[in-house]
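Everything on this sheet refers to the single structure shown next.
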Amino acid sequence: MDAARPSRKRKRIANPVKQTTETVSVKTTACDKSQAKGPHEASQSKQNKVTFTTALEQRELEEFAASDRGKAATEVTIQAECSDENSPKIDFGVVSFANLESLNLRCQAVKALNFQGNNYPKLKHLRMDSLLDEVQSVNFDLPLLETISFQFVNVNDPRGFGKSLSRSPRLKTFSSYKLYGLLMGSKFHTLALPRCEVLDFHRAEGLLRLKLWAPKLKTLNLQSCHELEKVVILDRKPQGYTGEDYEVDGEPTPYTVNIDNVCERPAGNVLTHTRCVRVLGKPFD
């Protein structure tokens, strides 16, 4: 059994995200957001990009998803304040956004990272920053996903992490900073990422063991993964991943790995594989 890990509540103040002129900021109120009218909402609907500047409650999320604006939205941003540790926790697994391509969450409490392809068939970009409280689990199946960014995210149950990423065969970039809760005892996180070029686990907490099939990988950042023990680069695709999206042409790419401030030299072949052309950092004396 995995070692028990105490629950954490973290307050993080990240750098404010600059809004473009294409994104209309909508102040969350207790009224029905789907019934809002006026010049702001007309412009917003035309551009299909929506930004909420306060945290949403579950009822508000469901009402927005069912509204015409929600059904048409291609980009949704929740950019709340990080000072409210009692922020309502919402569940994206019970709503659908048929046209959503980009979802950005900052300082919103989320029940779980549960995103299924039938509810999010066009989602390509997923960004989570300073989520309040921990998320229960990671379980998504997003075949069109291209980029993921997790910053200051705390996961309670990490068992679905590897499978979730691997169900996104078009993923090109995974970036994270202070991703907490990846501890699985002696078990490996196994990733099958046929098109991924960048994997960034900067200061990932609990990342002990990793198996990685990523023939297009160019950059692997393991900086300050203090508990890291073993990383294995796989030459063959793991079992269970079939279909055209998992077929790869050409020779595997060379990669650079950053192991700066890792406590001990990681076992496995990540530093000695023929694809490894550069090692950055000093992990040990």
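The values are calculated or read from the model by the stated rules, or taken from the named source; none is laboratory data. All values reported here derive from a predicted model rather than from experimental measurement. Neighbour counts are summed over all protein chains in view; Cβ atoms, including those assigned to glycine, are modelled from backbone coordinates with ideal geometry.
Report whether or not Leu179 is within 21 Å of Leu131 (Cβ to Cβ) and crowded, with 22+ Cβ neighbours inside 10 Å.
In short, yes.
Looking only at strands (runs of 3 or more DSSP E) that lie completely in segment 172-226, which have at least 3 residues being among the polar types (S, T, N, Q), at pLDDT 95 or above and on the phi < 0 side of the Ramachandran plot?
Once the strands (runs of 3 or more DSSP E) in segment 172-226 are filtered for at least 3 residues that are among the polar types (S, T, N, Q), at pLDDT 95 or above and on the phi < 0 side of the Ramachandran plot, what remains is 173-180.
Give the residue, chosen from Cys107, Cys196, that is crowded, with 21+ Cβ neighbours inside 10 Å, out of contact with any strand residue (DSSP E or B) (no Cβ under 6 Å at 6 or more places or on another chain) and under 21 Å from Ile259 (Cα atoms).
Answer to the check: Cys196.
Give the residues of segment 61-101 that are of a type in the set (Gly, Ala, Ser) and over 19 Å from Leu142 (Cβ atoms), sorted by residue number.
If the condition is that a residue be of a type in the set (Gly, Ala, Ser) and over 19 Å from Leu142 (Cβ atoms), then Ala66, Ser67, Ala72, Ala80, Ser83, Ser87 are the ones that fit.
Restricting to segment 259-278, what's the tally of residues that are in a strand (DSSP E or B) and either over 20 Å from Trp213 (Cβ atoms) or charged (D, E, K, R) (or both)?
Qualifying residue count for the region: 1.
Please work out if Thr253 is in the same structural domain as Lys163 (by TED's automatic domain parsing), of a type in the set (Ser, Thr, Tyr), more than 18 Å from the chain's Cα centre (by Cα) and at pLDDT below 95.
no
Condition (residue is free of Cβ contacts under 8 Å to residues at least 40 places away in the same chain, surrounded by 16 or more Cβ atoms within 10 Å (Cβ to Cβ) and under 22 Å from Gly160 (Cβ atoms)) applied to segment 79-91: is it met by at least one residue?
There is at least one residue in segment 79-91 that is free of Cβ contacts under 8 Å to residues at least 40 places away in the same chain, surrounded by 16 or more Cβ atoms within 10 Å (Cβ to Cβ) and under 22 Å from Gly160 (Cβ atoms).
On the basis of being over 22 Å from Arg195 (Cα atoms), in contact (Cβ under 8 Å) with a residue 40 or more places away in the chain and either crowded, with 17+ Cβ neighbours inside 10 Å or in contact with a strand residue (DSSP E or B) (Cβ under 9 Å, 6 or more places away or on another chain) (or both), does Val262 make the cut?
Yes; evaluated as a whole, the condition is true for this residue.
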